[in-house]
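Please treat every number below as a calculation from the coordinates, not as lab data. Here the structure is a predicted model, which is why all the values come from computation and not from measurement. Backbone-built Cβ (ideal geometry, glycine too); neighbour counts: all protein chains shown.
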């Protein structure tokens, strides 16, 4: 029965991780021992609300290795630890705070004025941060637009380069066509000139022969 009760308490205990700061339960004092059993030597007694740092835990045994504010390292049962200070300590802290507020009204008023000023400062700082955020967002939007323009300009520049290359090729082709046409024209004029020369030569040869033949016919008719 006791063993079953022990395991029920162990399962009901909150999950504890290394590095947490926990507090001793306010139900009773507990022992800080040198090992993970009740047979190990007691190093010191921990009172309700004492703060400890968890170094590591052993879920199988239900013990945790902890470190006290004075540097003592030992083991305690995890079911005797909790994440918040005990109700007694919290109530005592509230009483002290209330006593401080009631004991010195001027100090309380000064503290209130200081807190109000801090609130104003924090509000102003928040507004400045929001304004800075808006400016940064606008600058980011402008940078994005500029980047888009750069990409667009680069694309247009590439397109213009392609167009220039095409135009240059067309110009070269036109130059070659003009050169071919000029050569053809020169050849045509050469052929025309040669034809004229041949025709002139032929006419120069033909006309005297025609005249000589006509004279011979005239003499025969006499």
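Below is a table of values for the structure above.
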{"read-out": "Sites residue 143 and residue 122 - FRET efficiency at Förster radius 25 Å, r taken between beta-carbons, to 0.05", "value": "0.25"}
{"read-out": "Estimated distance in nm for a label pair at residue 40 and residue 177, the labels positioned 7 Å out from Cα along Cα-to-Cβ", "value": "10.1"}
{"read-out": "Difference of contour (0.36 nm per residue) and Cα-Cα distance, residue 70 to residue 110", "value": "10.8 nm"}
{"read-out": "Residue 153 versus residue 186: modelled label distance in nm, points set 7 Å from Cα along the beta carbon direction", "value": "4.9"}
